[in-house]
Amino acid sequence: MVKDSYLMVDAFAQRDNVFTRMDARIKVSLSVLALTAVIALPGFILPLIIFALTSSLMLAVRTPLKIVLGRMLPPVILGFVVFLLMTFFHQGSQVLSLKVLGLELEIYREGLVLGTTVLLRIISSVSILLCLSLTTPVHELGYALLWFRIPRVIVEILLLTYRYLFVLWDEGMRIRQAQAMRLGYPDWRNPAGWKKAVNSTSTLMAMVFIRAYDRAENTFAAMQTRGYNGEVTGQRFKKTA
């Protein structure tokens, strides 16, 4: 599911439309400006406006709803948790009092406003980054970052991380399927099943870490064989030369 979501987003970035043809440097600049405005400026009107604009852009490129929800749901859940904490624990003018499981919870107006602002900022920021990923291939993003004088080592790590994200995902899924065939994930309804599942998950994480290290060594050796000298060799914009 996660891998399919990333692959579909990358496929959308490769489509030919007015947004993908736009210069990557312009899209990165607009995204940074929008993020800065959302985070720095007070109030929640601007985040709502930017979220409406980014939603319209995603509709314009015909992004499936499951991709939008799949990419935005995890940070939105964290933002909702922050919203609840601020609503109930930020002191101020009391608006409402609730009793939940014998506990009396008080809702404060200042906390409600602050929590709503933070939640909308998170939603708006994630939508900006999602739009950027939907309209900009990773290699174009790398060239734009080089043009902005981002250190080459950071750009290189970004590109390699994106490339081998799928490789490690495939490796982890193969290990998990092998564990499942050997009953590594039994019934979750009893303590013994939970213990065995936790042990299998720990083994899976350790194996993926070891495979990642081996893959990194092999990749570095292959890059050196092909003349890698510690710099990104591709040039897209003349100013990077």
Original post:
Hey, any hits in the stretch 107-126 for a residue that's under 24 Å from Thr36 (Cβ atoms) and assigned to a loop (DSSP other than H, G, I, E, B)?
Top reply: no
**OP:** Would you check if there is a residue in the stretch 85-94 being within 19 Å of Ser127 (Cβ to Cβ) and either touching a Pro at 6+ places or on another chain (Cβ under 7 Å) or not polar (S, T, N, Q) (or both)?
**Re:** no
Subject >> Inter-residue pairs, beta-carbon under 7 Å, first over 24 Å from Gly184 (Cα atoms) and in the stretch 202-221, second in a helix (DSSP H, G or I) and aromatic (Phe, Trp, Tyr), 6+ apart >> reply: Arg215/Tyr164
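Quick one: which residue in Thr87, Thr135 is buried (at least 21 other Cβ atoms within 10 Å of the Cβ), within 12 Å of Val28 (Cβ to Cβ) and in contact with a helix residue (DSSP H, G or I) (Cβ under 7 Å, 6 or more places away or on another chain)?
Working: Thr87 fails: within 12 Å of Val28 (Cβ to Cβ).
Testing whether each residue is buried (at least 21 other Cβ atoms within 10 Å of the Cβ), within 12 Å of Val28 (Cβ to Cβ) and in contact with a helix residue (DSSP H, G or I) (Cβ under 7 Å, 6 or more places away or on another chain) leaves just Thr135.
In the stretch 35-56, how many residues are modelled with pLDDT of 85 or more and in contact with a helix residue (DSSP H, G or I) (Cβ under 8 Å, 6 or more places away or on another chain)?
Keep residues of the stretch 35-56 that are modelled with pLDDT of 85 or more, which gives 35-41, 45-56.
Cutting the leftovers down to in contact with a helix residue (DSSP H, G or I) (Cβ under 8 Å, 6 or more places away or on another chain) gives us 35, 37-39, 46-48, 50-51, 54-55.
Summing the residues that are modelled with pLDDT of 85 or more and in contact with a helix residue (DSSP H, G or I) (Cβ under 8 Å, 6 or more places away or on another chain) in the stretch 35-56 gives 11.
When you go through Leu159, Leu183 one by one, which is the residue that is not in a helix (DSSP H, G or I) and not assigned by TED's automatic domain parsing to the domain that holds Ala34?
Of the residues listed, the single one that is not in a helix (DSSP H, G or I) and not assigned by TED's automatic domain parsing to the domain that holds Ala34 is Leu183.
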Original post:
Is there a residue in the stretch 178-200 that is surrounded by 14 or more Cβ atoms within 10 Å (Cβ to Cβ) and β-branched (Val, Ile, Thr)?
Top reply: no
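Select, from Gly111, Gly142, the only residue that is farther than 30 Å from Met58 by Cα and buried (at least 18 other Cβ atoms within 10 Å of the Cβ). Walk me through it before giving the result.
Working: Gly142 fails: farther than 30 Å from Met58 by Cα.
One residue alone meets the criteria, Gly111.
Regarding the stretch 41-59, can at least one residue be identified that is in a loop (DSSP other than H, G, I, E, B) and closer than 28 Å to Met22 by Cβ? Working first, answer last.
The first filter runs over the stretch 41-59 and keeps only residues in a loop (DSSP other than H, G, I, E, B), leaving 41-44.
With closer than 28 Å to Met22 by Cβ added as a condition, the list becomes 41.
Yes, because at least one residue in the stretch 41-59 is in a loop (DSSP other than H, G, I, E, B) and closer than 28 Å to Met22 by Cβ.
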Subject >> Filter result (over 15 Å from Met223 (Cβ atoms) and outside any loop (DSSP other than H, G, I, E, B)) within the stretch 138-154 >> reply: Val138, His139, Glu140, Leu141, Gly142, Tyr143, Ala144, Leu145, Leu146, Trp147, Ile154
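What do you reckon, is Val32 part of a helix (DSSP H, G or I) and at pLDDT below 80?
No: the conditions fail for Val32.
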**OP:** Give the residues of the stretch 24-74 that are closer than 22 Å to Phe148 by Cβ and without any contact (Cβ under 8 Å) to a residue 24 or more places away in the chain, sorted by residue number.
**Re:** Ile26, Ser29, Leu30, Val32, Leu33, Thr36, Ala37, Ala40
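The values are calculated or read from the model by the stated rules, or taken from the named source; none is laboratory data. This one's a predicted model, so the numbers in the text were calculated from it and none came from an experiment. Note that each Cβ is placed from the backbone with ideal geometry, even for glycine, and that neighbours are counted across all protein chains shown.
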